[in-house]
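Here the structure comes first, spelled out in structure tokens, and everything after it is commentary.
The values are calculated or read from the model by the stated rules, or taken from the named source; none is laboratory data. A quick note: this is a predicted structure, and the numbers were derived from the prediction, not measured. Neighbour counts run over all protein chains shown; Cβ positions are idealised from the backbone, glycine included.
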Amino acid sequence: MSPSRQDREAAVRDLLEGPPATVPPELYSMAMRRGHRLLHRRKTVRRALWVLLCAAVAACAVWAAVDRPWSPPPSDTTPSFTQW
């Protein structure tokens with residue numbers, strides 16, 4: 001069975017009124033290293049995505065300059081000549 005609400009409140013009160021928990025001394029340095037790694041990884045991913053976006057824009061610009069998709073395609077047949 002689960003403890004009653006009063007038992008849980010008493011356990012929490014004992015934890016809060018007692019001395020603060022001790023933190024291992026190497027925890028700060030570990031957290032700093034992990035945070036530095038995460039920030040470095042995010043910055044690297046952000047740079048890679050910007051480079052990928054710029055490459056995609058450049059490729060699209062080159063394709064548009066070479067292919068000219070806005071111009072109509074050349075006709076394969078000649079128009080009929082009715083006035084002779």
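Tabulated data
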{"quantity": "Filter result for the condition that a residue is aliphatic (A, V, I, L, M) and surrounded by 10 or more Cβ atoms within 10 Å (Cβ to Cβ), over ALA65, ALA61", "calculated": "ALA61"}
{"quantity": "Boolean, ARG5 is modelled with pLDDT of 90 or more, out of contact with any Phe, Trp or Tyr (no Cβ under 9 Å at 6 or more places or on another chain) and loosely packed, with under 10 Cβ neighbours inside 10 Å", "calculated": "yes"}
{"quantity": "Residues that are loosely packed, with under 10 Cβ neighbours inside 10 Å and more than 42 Å from the chain's Cα centre (by Cα), drawn from the stretch 8-43", "calculated": "ASP14, GLU17, GLY18"}
{"quantity": "In the stretch 35-84, the residues that are in a loop (DSSP other than H, G, I, E, B), among the hydroxyl-bearing types (Ser, Thr, Tyr) and modelled with pLDDT of 80 or more", "calculated": "SER71"}
{"quantity": "Selection status of PRO72, without any contact (Cβ under 8 Å) to a residue 60 or more places away in the chain and in contact with a helix residue (DSSP H, G or I) (Cβ under 9 Å, 6 or more places away or on another chain)", "calculated": "no"}
